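This report refers to the structure that appears directly beneath it.
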Amino acid sequence: MDPNKSKYGIIPIFFWIGLGLLVMILSYSLNLGGLHNPGPGLMPFLLGFFLFLVSIYFLITFPYKKANRDGVVKKEQGQINYVRLCLVLASLFAYSLLFETLGFLITTLLILIILFRSTNNRWYAVLIASVLTALVSYFLFTYLGIRFPKGILKWV
Amino acid sequence: MRGKMDIFSGIISGFQTVLNPINFLFCFIGVFIGTLVGVLPGIGPVGAMSILLPTTYGISPVSSIIMLAGIFYGAMYGGSTTSILVNIPGEAASVVTCLDGYQMARKGRAGPALGISALGSFIGGTFSVIGLMFLVFPLAKAALSFGAPEYFALIILSMTVVTYLASGSFVKALIMVLFGLILGTVGIDSTSGVARFTFGCVPLLDGIGLVPMAMGLFGISEVLMNLEIMLERTIFETKIKNLLPNFQDWKRSIGPIIRGSFMGFFLGILPGPSPVISSFLSYSVEKKISKDPTTFGQGAIEGVAGPETANNAATGGSFVPLLALGIPPNISMGILLGALMIHNVIPGPLLISQRPEIFWGIIVSMYIGNIMLVLLNLPLIGIWVQVLKIPYRLLMPLILLCCLIGAYSINNNIADVIIMNIFGVVGYVLRKFDYEMAPLILAYILGPMLEAHFRTSLIMSDGNLSIFVERPISCVTLVISVILLLSTGFSYYRKMKGKVIT
């Protein structure tokens, strides 16, 4: 973890406080019932309440934790490649959105090209590996009984 | 006498189950994949088990558990290979092996290090299976008298201990537990039929789904973490000869192996990441009682033999609360519980009598699995060294593709893939802020059970909360949980871990 970011650890605490409050509010509308006859909202309400309490405690004690004041270097790190990270994430979501429209083979081929290329493999290696992997996985998983959408290839 | 005959006939039926060619094959697949993920940094046994959970839909419950269990204890064998040869632990339970194992490799003794690691693991694993067999019966018998309040208290204790033993911040682990419990409430409430927190989303009516969540949190987020910086590994190039330890090695190792077996097994029974804890504890103990502690960290074979035995012995111990009580003591057992529930098999005291083929099949598969692992890890060490050389930039797309296909194959529904991706991002963000995944997913799995037992207890007592303290087992268990929660300062585990590393 970047030592300069350790003070940013306070940001999630606000998220947990907000989540705790939200869960309590939503659970209240679900009918808490009572201890004699616990309703569907009781358990989530209690959990939201405890989350809220623990987060408040965390917020209050946060400035006093030595690690947060001084910054703790956990391990050696070089420059983080955020471009590659975002590219991979975007392709994962794009895959799920296009999977049923374009079909298994085309979306798998596209994502493999992006993923293999994102780690600086040579283009010829990327293309060979992507095509081979897409085909092998199609036949292997179809053999294992998984039915993939054909997408636009159903006209072929 | 009757008890011994029951065990004996159970073992026979277990062998009949496992020696069925399909189950034998799945045992081999499990231990092979386990060794593979243990060898390869970048994916651990929990990630592999999560990714392979969807494949278990199409096979029998016995085969599923045999395969998944094989991955769990197989990874303990494989993890030591990278620790010794590359000084990078394949998974957390092999961290300590780096300290002396890698030093042994640098001195040209990689062979005996690998050999004693595999043989110690075999002895530890076999010992724990025997212990499991004898311990699970009395515990299951005692558990028959457990009611809803006792189970509620035990689950609270389980989550408290996992939180207490978290290697990072205790408060963060507690928040993860609460978050996991809240996620577990999403979906239709089984008692009232009311939809909770679904926001009109049909795929969420059945809950978020353990499989896509686990795959996202452990598979996808792990890949995203590794993508940040792609470090190429340099493997210690050495001729690996003389895999069998010599007489002197055995003389020095036999004590650590025996102690590691006991420590690992009994720690495995307790909630918490037992393979990791037992490996650290074994290392500390061996260093403390050694005639010459200065050799530790310089290539002392005791520093390899003890921890590697202990982490394998812990795997067998972990099965005790899962099979006898239906309560998983750690995240890997949680995944196994999830797999059993997928097949409508509820582990617990009735499992032995109602589904003996599953119970004895698991036990015997662990014997056979340990034998397969010694054969895989010793003669085939050359192959694993080649596997180590596969660059991560080639592995990463394959791992992600397996996750995507695996998530889709659960219900042929793309919503599961989207959920997995979302949890991949959630897991990545949480890890960046040093939140641990294990308490989250364990709480998610145990949450519905906790709520059910809580509500049943309240109905039993007509709304009176004192039921939890009136019943002795429940009372004692809850008191221990409260003590752990309120205790401040460093846990013994963290203190010990700090001492081991410095």
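The values are calculated or read from the model by the stated rules, or taken from the named source; none is laboratory data. Please read these numbers as outputs of a predicted model, since none were measured by experiment. Because the Cβ atoms are built from the backbone with ideal geometry, glycine has one as well, and the counts that use them run over all protein chains shown.
Points to keep in mind about this one:
- Restricting B:I445, B:I483 to those that are free of Cβ contacts under 8 Å to residues at least 12 places away in the same chain and within 19 Å of B:A173 (Cα to Cα) reduces the list to B:I483.
- The residue of the stretch B:156-191 that is surrounded by the fewest Cβ atoms within 10 Å (Cβ to Cβ), among those that are among the β-branched types (V, I, T) and more than 8 Å from chain A (Cβ to nearest Cβ), is B:I188.
- Figure legend. Inter-residue proximity from the stretch A:92-115: first residues under 18 Å from B:I422 (Cβ atoms), second residues among the hydroxyl-bearing types (S, T, Y), beta-carbon distance below 7 Å, spacing 6+ or different chains. Indicated pairs: A:Y95/A:T107; A:L98/A:T107; A:F99/A:T107; A:I111/A:S91; A:I111/A:Y95.
- Taken over the stretch B:199-213, the criterion of being surrounded by 16 or more Cβ atoms within 10 Å (Cβ to Cβ) and either more than 12 Å from chain A (Cβ to nearest Cβ) or polar (S, T, N, Q) (or both) is satisfied by B:P203, B:L204, B:G207, B:I208, B:G209, B:L210, B:V211, B:M213.
- Any chance B:D462 is within 12 Å of chain A (Cβ to nearest Cβ), in contact with a Phe, Trp or Tyr (Cβ under 9 Å, 6 or more places away or on another chain) and of a type in the set (D, E): no
- Of the helices (runs of 4 or more DSSP H) lying entirely inside the stretch B:344-439, those containing at least 3 residues that are modelled with pLDDT under 85 span B:351-354, B:356-377, B:381-388, B:392-411.
- Residue identified as within 9 Å of chain A (Cβ to nearest Cβ), under 20 Å from A:F104 (Cα atoms) and either of a type in the set (A, V, I, L, M, F, W, C) or in contact with a Pro (Cβ under 9 Å, 6 or more places away or on another chain) (or both) among B:L430, B:L398, B:L394: B:L398
- Within the stretch A:131-153, the residues that satisfy the criterion of being buried (at least 16 other Cβ atoms within 10 Å of the Cβ), within 10 Å of another protein chain (Cβ to nearest Cβ) and part of a helix (DSSP H, G or I) are A:T133, A:A134, A:S137, A:Y138, A:F141.
- Note on the stretch B:364-379: residues that are in contact with a helix residue (DSSP H, G or I) (Cβ under 9 Å, 6 or more places away or on another chain) and either polar (S, T, N, Q) or surrounded by fewer than 24 Cβ atoms within 10 Å (Cβ to Cβ) (or both) total 10.
- Scan of the stretch B:444-487 for residues that are basic (K, R) and not in a helix (DSSP H, G or I), ordered by number: B:R471
- Qualifying residue in the stretch A:76-85 (condition: at pLDDT 90 or above and more than 7 Å from chain B (Cβ to nearest Cβ)): no
- With a requirement of 2 or more residues that are touching a Pro at 6+ places or on another chain (Cβ under 7 Å) and not hydroxyl-bearing (S, T, Y), the helices (runs of 4 or more DSSP H) lying completely within the stretch B:99-215 that satisfy it span B:110-143, B:148-164, B:170-183.
- Pairs linking a residue in the stretch B:306-322 that is more than 22 Å from B:S290 (Cβ to Cβ) to a residue that is among the β-branched types (V, I, T) and part of a helix (DSSP H, G or I), with Cβ atoms under 6 Å and 6 or more positions apart or on different chains, are B:G316/B:V129; B:G317/B:I269; B:V320/B:V136; B:V320/B:I269.
- The number of residues in the stretch A:34-45 that are under 13 Å from B:D189 (Cβ atoms) and either surrounded by fewer than 17 Cβ atoms within 10 Å (Cβ to Cβ) or at the interface with another protein chain (Cβ under 7 Å from one of its Cβ atoms) (or both) comes to 5.
- In the stretch A:109-130, the residue that is surrounded by the most Cβ atoms within 10 Å (Cβ to Cβ) out of those that are more than 7 Å from every other protein chain (Cβ to nearest Cβ) and under 20 Å from the mean Cα position of the chain (by Cα) is A:I111.
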